[in-house]
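I have placed the structure first, in the form of structure tokens, so that the comments after it can refer back to it.
The values are calculated or read from the model by the stated rules, or taken from the named source; none is laboratory data. Just so we're clear, the structure is a prediction, and the values are computed from it rather than from any experiment. Methodologically, a virtual Cβ is constructed for each residue, glycine included, from the backbone with ideal geometry; neighbour enumeration extends over all protein chains shown.
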Amino acid sequence: MESKSKKFQFLRDDLIAADDVARLVESHASCEGVNPHCWPGLTFYRFSDKIPLHWDAVNSLSYCLVVQGAKRVLIGGEEHTYDPMNYLVLERRSRFEVEILEASRVRPFLSFVLQIDPAIVTDVISTIHRPMALYQDPDTVIQSNAHVAPLDSHIVGATYRFLSSIDSDADRAVLAPMYLREIVYRLLQSECRHRLIAGSSANASRNPISGSIEYMKEHLGGSITVADVAEAVHMSESAFAHLFKQATGISPYQFLKQMRLERARDLLLDEEYSVSEAAFDVGYTSLSHFISEFKRYFGETPRSYIMRLRDVETFNLRAN
């Protein structure tokens with residue numbers, strides 16, 4: 001009886017956001033069965049009757065959420081059941097069996113599947129300056145391509161913001177990529193982070209965006225152009241630039257510049273690197289140009305930035 005009365009809700013403060021997500025999913029799943037969306041890899045589902053076991057598939061790392069009803073997935077010899085209190089992450093391109101356990105005309109089964117470009121996972125980790133190894137527990141053995149985890153208010157909020165931004169052309173272009181990155185960031189804080197990392201790593205070798213980011217990292221100190229990066233992943237420069245911006249929200253040139261400046265900042269925090277040495281190490285041939293770019297990105301000159309941070313560290317040490 002309890003399972004039939006489950007609602008998409010958490011603590012009292014989270015009820016509005018959770019109910020809003022459910023309403024958004026219901027509005028997009030207006031037709032019985034499969035409801036594709038114009039956002040790549042996003043599909044909504046509505047079923048008014050229970051559906052017996054049948055084969056299904058996803059083409060990439062996927063975040064799956066049920067807002068009404070319940071679903072069972074069989075993959076790799078393991079069973080995973082999830083409902084409005086939990087979500088499912090599928091690690092990589094997978095074929096599996098699925099069964100709709102709870103559905104009726106009065107309370108139809110409602111859900112969505114959002115496929116996530118593995119390059120976004122790599123980029124989010126890079127942006128928050130944490131090595132991928134820090135997200136991986138060496139004692140954790142991943143035996144399945146899928147994992148069910150409990151929802152929390154952070155994931156619900158990020159999901160609501162993303163779903164609210166996908167119908168307007170302007171919002172979809174500007175806001176949706178940011179909210180998708182927020183979903184990835186929140187999932188990386190959850191127990192499903194191992195699946196995201198594994199899915200990202202498994203797809204990196206055949207994904208042009210992931211491959212391009214790795215190429216940039218390897219050649220950060222050299223004189224590389226967007227054309228060089230596009231050639232490295234076997235794409236034309238225009239097609240690569242369009243795909244890269246669609247996946248990450250910024251141009252390849254901006255991404256490369258940010259990587260260089262953030263790497264330079266990390267080097268400057270090491271007292272053995274001078275400003276000129278850090279600039280040269282990340283590919284800048286002009287010191288004045290580096291200082292100008294650094295100030296534009298971080299809001300102050302390299303020397304001022306580092307002195308301020310070192311003063312803060314000294315103050316904290318004294319305070320302790």
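Close contacts from segment 63-80, counting a first residue that is assigned by TED's automatic domain parsing to the domain that holds TYR160 and farther than 19 Å from ARG46 by Cβ and a second that is part of a strand (DSSP E or B) and aromatic (Phe, Trp, Tyr), with Cβ to Cβ under 7 Å and a gap of 6+ residues or different chains, come to LEU74/PHE96; ILE75/PHE96.
ARG105 - would you say it is assigned by TED's automatic domain parsing to the domain that holds VAL21 and over 22 Å from SER27 (Cα atoms)? Write out each step before concluding.
Details: assigned by TED's automatic domain parsing to the domain that holds VAL21: yes; over 22 Å from SER27 (Cα atoms): no.
No.
Once segment 49-99 is narrowed to residues that are of a type in the set (Asp, Glu) and modelled with pLDDT under 90, the residue that is nearest to the chain's Cα centre (by Cα) is GLU91. When segment 46-78 is filtered for residues that are among the aromatic types (Phe, Trp, Tyr), surrounded by 13 or more Cβ atoms within 10 Å (Cβ to Cβ) and farther than 15 Å from SER104 by Cβ, only TYR63 remains. Look through ALA279, ALA247 and report the one residue that is hydrophobic (A, V, I, L, M, F, W, C) and more than 30 Å from ARG172 (Cα to Cα). Being hydrophobic (A, V, I, L, M, F, W, C) and more than 30 Å from ARG172 (Cα to Cα) holds for just one of ALA279, ALA247, which is ALA279. Only residues that are within 23 Å of the chain's Cα centre (by Cα), at pLDDT 85 or above and either more than 21 Å from VAL124 (Cα to Cα) or not in a helix (DSSP H, G or I) (or both) were counted in segment 204-229, giving 0.
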